[in-house]
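None of the figures in this text is laboratory data; all of them are computed from the coordinates on show. None of these values were measured; they are calculated from a predicted model. With ideal geometry, Cβ positions are generated from the backbone for all residues, glycine too; neighbour counts draw on all protein chains shown.
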Amino acid sequence: MGGKQTFAPTAPPVTHQMEIDELRRRVGAILAAEESEPPSWEQVDGLSDELLRQLVSEPDTEVVEIVNHYLDDAPIREKDEAYARQQRQRIRRFVETGKYKNSTPVPLWTCAVALAVVVAVVIWFLW
């Protein structure tokens, strides 16, 4: 018993990389249907609904915010080309690289305004 202990090799930790790759592939198929000429909105809706149902049934699957918005916003993109271009640009980045920004950056001036309001309220209460 005093000898050297050996341990069976363990499997590498499970990552979400495979799930993300599959998600990127499926969202890419939706993007391709949307960018076809003319756009196949029925196919976009069907693929989006199918993917959303699967994601809801797998609560442990991490879904990035841009994907949720993209899957939900097809009717908006169909009517608003400017919004559609912006959203397709963001989702294309995710599909092609796996990179994404989960939120819209807040301009520095809005932080300064919020801080000024808080300071003003504190000063007002202290008078």
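With labels modelled as points extended 7 Å from the Cα through the Cβ direction, what inter-label distance (nm, one decimal) is found for Tyr83 paired with Ala29?
2.6 nm
Simple spin-label model, 7 Å along Cα-to-Cβ: Ala116 to Asp49 in nm?
Label at Ala116, label at Asp49, 5.0 nm between them.
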